[in-house]
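*Asks:* This is the structure, below, for whatever I ask next.
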Amino acid sequence: MGCSGRLLGPVGGRRASLLLTMILFFTYFFYCLPGPCEPLLPPPLLLPPPAALPDGAVPAPAPAPGAAAAAGGGGSRRFPQAIIVGVKKGGTRALLEFLRAHPGVRAVGAEPHFFDRSLMPRTLEGQITMEKTPSYFVTKEAPRRIYNMSRDTKLIVVVRNPVTRAISDYTQTLSKNPTIPSFQALAFKNVSTGLIDTSWSAVRIGIYAKHLDNWLQYFPLSKFLFVSGERLVSDPAGEMGRVQDFLGLKRVVTDKHFYFNETKGFPCLKKPEGGSKPRCLGKSKGRPHPKIDVQVVQRLREFYRPFNMKFYQMTGQDFGWD
């Protein structure tokens, strides 16, 4: 066998590898030591700059405890441990604002609609992350989605006399669109027979027993707290006591936090968190309701009565709407 064959043997292969390594070493020694030298790794193997990392990626080990707070902001964004899931025009905004006066609660001001984590406030250890979206209670898919997120989520439902709630709902829509039909025209499929139109959302939302039945397919009753919208107005401190107990919080928000606004007709916070002036809900709250025919109101009461009775039985609470 010739020379080329001998060089391809095991010993020759090792010698060739050693020779190549020495050539690379001396090339680096003479050309790179006098000044900066470009990396020998091809571009695809280089790490991207931090800005190029995808959202949520962690390019470095977690900082020591307290470092995040020192850097500004502090805490972390978490999915809500408690959610005000309903109902629209029941008093959910008032409850959320009252809860935000508690130092142990961090709540989203806007309605996230299926818990966008990027909208959640940063919370510290021991604080509760909360949000409210009243449409959850009447959205068929909401219980399953929340259950898949966390089956331990605490759920708060603020309910109100469904007749009053329907009129309040209509009042809000009327303020945005004054050309809509009358309340009576929307509430009845047939005025002469008194047949209620349950396809109208203002009516459908008030059938609380039907919506609760959907939620109980996923969550036990123990995960719910039902807050009376009426008592939230007449006795805000009392209802807030129940809410704080349910959330496992110390009763910090008490009667000293409230005063009754005669003009608006509901309670306001004396000293909201981070402020020194009394604060009420926005101008859109406390709108005067349009006058509804007495017979229309009576027919709606009759329609809701059996649903109310079932709701009382399901929750173990009598809300006194009849």
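*Asks:* Residue 105's amide H: which non-local residues (gap 5+, or another chain) put their own amide H closer than 5 Å, with H modeled 1.01 Å from N in plane and none for Pro or chain starts?
*Replies:* 128
*Asks:* Let me ask another. Taking a probe of 1.4 angstrom, what is the accessible area of residue 147 in Å², to the nearest 10?
*Replies:* 60 Å²
*Asks:* What distance in nm separates the simple spin-label points at residue 152 and residue 191, each placed 7 Å from Cα in the Cβ direction?
*Replies:* Roughly 5.6 nm, to one decimal.
*Asks:* Can I ask one more? For a quick protection proxy, order the peptides 247-253, 98-104, 293-299 by their average other-Cβ count within 10 Å, most packed first. Present the calculation step by step, with values, prior to reporting the outcome.
*Replies:* Details: 247-253: 15.6, 98-104: 20.3, 293-299: 13.4.
Going from most to least packed, we get 98-104, 247-253, 293-299.
*Asks:* Enumerate the residues in the stretch 288-322 having an amide nitrogen under 12 Å from the point lying 7 Å beyond the Cα of residue 234 toward its Cβ.
*Replies:* Under 12 Å, as judged by backbone N against the label point of residue 234, lie 319-322 of the stretch 288-322.
*Asks:* Got a sec to turn the phi values of the stretch 210-225 into Karplus ³J(HN,Hα) couplings, 6.51 cos²θ - 1.76 cosθ + 1.60 with θ = phi - 60°, whole Hz, x for Gly and Pro?
*Replies:* Once rounded to whole Hz, the list reads 5, 5, 5, 4, 5, 5, 6, 6, 10, 10, x, 4, 5, 7, 10, 10.
*Asks:* Grab the Cα-Cα distance for residue 111 and residue 218, subtract it from 0.36 nm times how many residues apart they are, and report the gain in nm with one decimal. Walk me through the intermediate numbers first.
*Replies:* On the way: separation 107, 0.36 × 107 = 38.52 nm, distance 2.25 nm.
In short, 36.3 nm is gained.
*Asks:* Would you kindly find the accessible area of residue 280, with a 1.4 Å probe and non-protein molecules such as ligands, DNA and RNA excluded, rounding to the nearest 10 Å²?
*Replies:* 40 Å²
*Asks:* Which residues among the stretch 189-218 fall inside the zone where the amide N is under 20 Å from a point 7 Å beyond the Cα of residue 310, along Cα→Cβ?
*Replies:* Correct set: 189, 195-218.
*Asks:* Still on this structure, I have one more. Rounded if a/c is under 1.5, else prolate if a/b is larger than b/c, else oblate: which is the stretch 183-265, with a ≥ b ≥ c the root eigenvalues of its Cα gyration tensor? Let's see the in-between values first.
*Replies:* Details: a/c = 4.99, a/b = 1.54, b/c = 3.24.
Oblate, because a/c is 1.5 or more while a/b does not exceed b/c.
*Asks:* List the residues, sorted by chain then number, that are 5 or more residues from residue 258 or on another chain and whose placed amide H is less than 5 Å from its amide H.
*Replies:* Correct list: 270.
*Asks:* If you don't mind, there's one more thing I want to ask. Ignoring ligands, DNA and RNA, how do 125, 230, 302 rank by accessible area with a 1.4 Å probe, largest first?
*Replies:* On the way: 125 175, 230 65, 302 90 Å².
Reading off the accessible areas and sorting them downward yields 125, 302, 230.
*Asks:* Hey, what do the phi angles of the stretch 313-322 turn into as Karplus ³J(HN,Hα) couplings, whole Hz, using 6.51/-1.76/1.60 and θ = phi - 60°, x for Gly and Pro?
*Replies:* So the Karplus estimates, Gly and Pro as x, are 5, 5, 9, x, 10, 9, 8, x, 8, 10 Hz.
*Asks:* Further question on the same structure: Using a Förster distance of 35 Å, how high is the FRET efficiency between residue 144 and residue 259, based on the Cβ-Cβ distance and rounded to 0.05?
*Replies:* Values: r = 42 Å, r/R0 = 1.19.
With R0 = 35 Å, the Cβ-Cβ based efficiency is 0.25.
*Asks:* Rank 310, 88, 223, 210 by accessible area, highest first, at a 1.4 Å probe radius?
*Replies:* Numbers: 310 100, 88 70, 223 50, 210 130 Å².
Correct descending sequence by accessible area is 210, 310, 88, 223.
*Asks:* Could you pull out every residue, at least 5 positions away or on a different chain, whose amide H is within less than 5 Å of the one on residue 132? Hs are placed 1.01 Å off N in the peptide plane, and Pro or chain starts have none.
*Replies:* 84, 108
*Asks:* Which order do you get for 130, 309 if you rank them by accessible area with a 1.4 Å probe, largest at the top? Intermediate results must be reported in sequence, preceding the final value.
*Replies:* On the way: 130 0, 309 80 Å².
Solvent-accessible surface, decreasing: 309, 130.
*Asks:* Something else: How far apart, in nm, are the 7 Å Cα→Cβ label points at residue 124 and residue 251?
*Replies:* 2.5 nm
The values are calculated or read from the model by the stated rules, or taken from the named source; none is laboratory data. This one's a predicted model, so the numbers in the text were calculated from it and none came from an experiment. Cβ coordinates were reconstructed from backbone atoms using ideal geometry, including for glycine residues, and neighbour counts include every protein chain displayed. Areas reflect the complete protein model, heavy atoms only, side chains present, ligands, DNA and RNA absent. Shrake-Rupley method; radii C 1.70, N 1.55, O 1.52, S 1.80 Å.
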